[in-house]
Amino acid sequence: MSLPAASLSASSRLPLGTAMGSPQKPPLAHLFKGTFVHATLSSPMDVLHGHLLGVGDDGRIVFLEQADQQEQLAKKWGFKASDIRELSNHEFFMPGMVDTHIHAPQYAFAGSRVDLPLLEWLNTYTFPTEVKYKDNDFAEEVYTRVVRRTLKNGTTTACYFATIHTAASLLLAEIIDKFGQRAFVGKVCMDLNEFVPEYKETTDESVEETERFVRELLEKQYQRVQPIVTPRFGPSCTELLLSRLGDFAKARDIHVQSHISENDGEIKLVKQMFPAYKNYTDLYDKNKLLTSKTVMAHGCHLSDEELKLFSLRGAAIAHCPGSNISLCSGILNVRNVLKHNVKLGLGTALGLDDVIGNFEVGKEFDALLINPKASDSPFDLFAADTFEDIIQKFLYLGDDRNISEVYVAGKQVVPFSSSV
């Protein structure tokens, strides 16, 4: 879930009194003292009270040490006690949240229209809405709102589906960059749609526009917004389109996202449309779309055989329980997915674990400052609550009212600046 800063080699950049060849320490952009909560490979949750965390000008964490090391750290990094921002006793920092599956255009009707199963829901509500994104003004309003809303709710990294419209998809990437979110953005590809025929492309158009989308997005050189190849799902694509997109993703070494086994009707339709393949997973795999850079949404009804292939290829599943329940699609057996060593994330598994995810030194500071005692907090604290109780109350009952500040790569992005 970006990255390298340009370097300058002129010796004139050395501070006065610094000998040539001496190692240079980056200046600190932020210095926080308080409680930090994160997970590591060895622990599902570490609560680090009384720690100092320093963030360099490049947005990366340069140290996380116990506060009793302050004097030594100050000598090493050249800061004064007055440079430290001290959190209150009840506040804490946690890593920014990652959402691996968001349909940005569907934000226009979020919270409504959940009265039909998947395929009818797509044809009745979703496709007719997504047609509207050929209008960039309409797209700009919705996309601006969805990026603001997700950031305000603590989503520092997101994996977005856009629509088939290249211009609007590029606009979504531009808006994400303006707000400072970290994201993957995909122009949707679909050359089949018998119910809403005006919402599809020819195979050639879909591939050519995907190539243009990727090329133009990369030319923008946004620091933290990347393209992702996005066939909508099996029933909306011909075998030829899937094959060509797989070849393109492999040639360019690009991430892939799609949907799989969300609903029984969808699985039956795939079997009917693609009888030569063993199963839904085989359809993607044989067309080079199931890789270590692939995120497949839902996966409610994957067989053990399919999960073994997911594990073998290193592909991930984006678990979307809210959607699965709302559309009566099914319940994902999470324990079985994990038993098969398949990467699994909530609606997080984007191959960015060496960049973000916790507060280890060297990672970028994507973080949320949590205030459990916010004046309009949706939950109450009591004298007997332990700090672990407070964390759990936020995780289960908290919302954006408890998120005081949001940082992406060391840059504070919430509260929003006047320029966005």
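The values are calculated or read from the model by the stated rules, or taken from the named source; none is laboratory data. Model, not experiment: these values are computed from the prediction. Glycine also receives a Cβ, built like all others from the backbone with ideal geometry; neighbour counts cover every protein chain displayed. To get the accessible areas, we keep the full protein, side chains included, count just its heavy atoms, and leave off ligands, DNA and RNA. Shrake-Rupley method; radii C 1.70, N 1.55, O 1.52, S 1.80 Å.
Counting only other residues whose beta carbon sits under 9 Å from that of Thr203, what net charge do I get with K and R as +1, D and E as -1? All intermediate terms of the calculation are to be shown ahead of the outcome.
Working: positive: Arg244; negative: Asp191, Glu201, Asp204, Glu205.
My count for the surroundings of Thr203 gives -3.
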Pair Phe379, Glu211: separation of 7 Å Cα→Cβ label points (nm): 5.2
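Over segment 215-360, what percent of the accessible surface lies on carbon and sulfur atoms, probe 1.4 Å? Write down the numbers at each step before the final one.
Numbers: 3360 of 6580 Å².
For segment 215-360, the apolar C and S fraction of the accessible surface comes to 51 percent.
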query: So what are the ³J(HN,Hα) numbers for segment 176-191, from phi and the Karplus equation (6.51, -1.76, 1.60; θ = phi - 60°), rounded to whole Hz, Gly and Pro as x?
result: 4, 4, 4, 7, x, 7, 9, 7, 10, 10, x, 6, 5, 10, 7, 10
- prompt: Taking only protein heavy atoms and a 1.4 Å probe, what accessible area per residue, in Å², does segment 200-251 have with all protein chains in place?
  reply: 45
field: Two-site label geometry, Lys75 and Ala167: point separation in nm, points 7 Å out along Cα→Cβ
entry: 6.3
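Excluding same-chain pairs closer than 8 in sequence, count the lysine pairs in segment 113-217 whose Cα atoms lie under 18 Å apart.
On the way: Lys132/Lys187; Lys132/Lys200; Lys134/Lys187; Lys134/Lys200; Lys152/Lys178; Lys187/Lys200.
Summing the qualifying lysine pairs gives 6.
Could you work out [θ]222 nm for the chain from helices alone, using -39500 (n - 2.57) per DSSP H run of at least four and dividing by all its residues? Round to the nearest 500 deg cm²/dmol. Write out the running numbers ahead of the final one.
Numbers: 13 runs with 130 residues, N = 420.
Counting only the DSSP helices, I get -9000 deg cm²/dmol.
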query: In terms of Cα to Cα distance under 18 Å, which lysines are near enough to Lys271, apart from those fewer than 8 places away along the same chain?
result: Lys286
query: How many percent of the accessible area of segment 41-156 is carbon or sulfur, using a 1.4 Å probe?
result: 48
message: If the reach is capped at under 17 angstrom between alpha carbons, list the lysines near Lys268, excluding any in the same chain fewer than eight residues apart.
response: Lys278
message: Apply the Karplus curve 6.51 cos²θ - 1.76 cosθ + 1.60, θ = phi - 60°, to the phi angles in segment 397-404 and return the couplings in whole Hz, x for Gly and Pro.
response: 10, x, 8, 4, 5, 8, 9, 6
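For the chain, give me the percentage of DSSP beta bridges that are antiparallel, rounded to the nearest 5 percent.
On the way: 27 of 59 bridges.
Given both bridge residues lie in the chain, the antiparallel proportion sits at roughly 45 percent.
Can you tell me what the convex hull of the Cα atoms of segment 51-166 projects to on average, as an area in nm²?
On the way: hull surface 44.8 nm².
Averaging across all directions leaves 11.2 nm² for the Cα convex hull.
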Pairwise label distance in nanometres, Glu360 with Asp389, each label 7 Å out on the Cα-Cβ vector: 3.4
field: In sequence order, calculated HN-Hα J values of segment 287-295 (Karplus, 6.51, -1.76, 1.60; Hz; x Gly/Pro)
entry: 9, 6, 9, 10, 9, 6, 10, 9, 10
Per residue Cα convex hull volume in Å³ - calculated over segment 249-343: 87
query: At a probe size of 1.4 Å, how large is the accessible area of Asp177, to the nearest 10 Å²?
result: 60
- prompt: Want the number for Ile325 to Thr144: 0.36 nm per residue separation, take away the alpha-carbon distance, what's left?
  reply: 62.4 nm
Volume in Å³ per residue [convex hull over Cα atoms, computed for the chain]: 171
query: Going down the table (Lys33/Lys220; Lys76/Lys411; Lys75/Lys220; Lys80/Lys411), which pairs top 32 Å between alpha carbons?
result: Lys33/Lys220; Lys75/Lys220
- prompt: If R0 is 51 Å, what FRET efficiency do you get for Lys268 and Gln412 from their C-beta distance, rounded to 0.05?
  reply: 0.55
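If Lys and Arg each add +1 and Asp and Glu each add -1, what is the summed charge of the other residues whose beta carbon sits under 10 Å from the beta carbon of His298?
-2
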statement: Listed by chain and number, the aspartates and glutamates with an alpha carbon less than 16 angstrom from that of Lys293, same-chain partners under 8 positions apart left out, are Asp99, Asp247, Asp253, Asp285, Asp353, Asp354
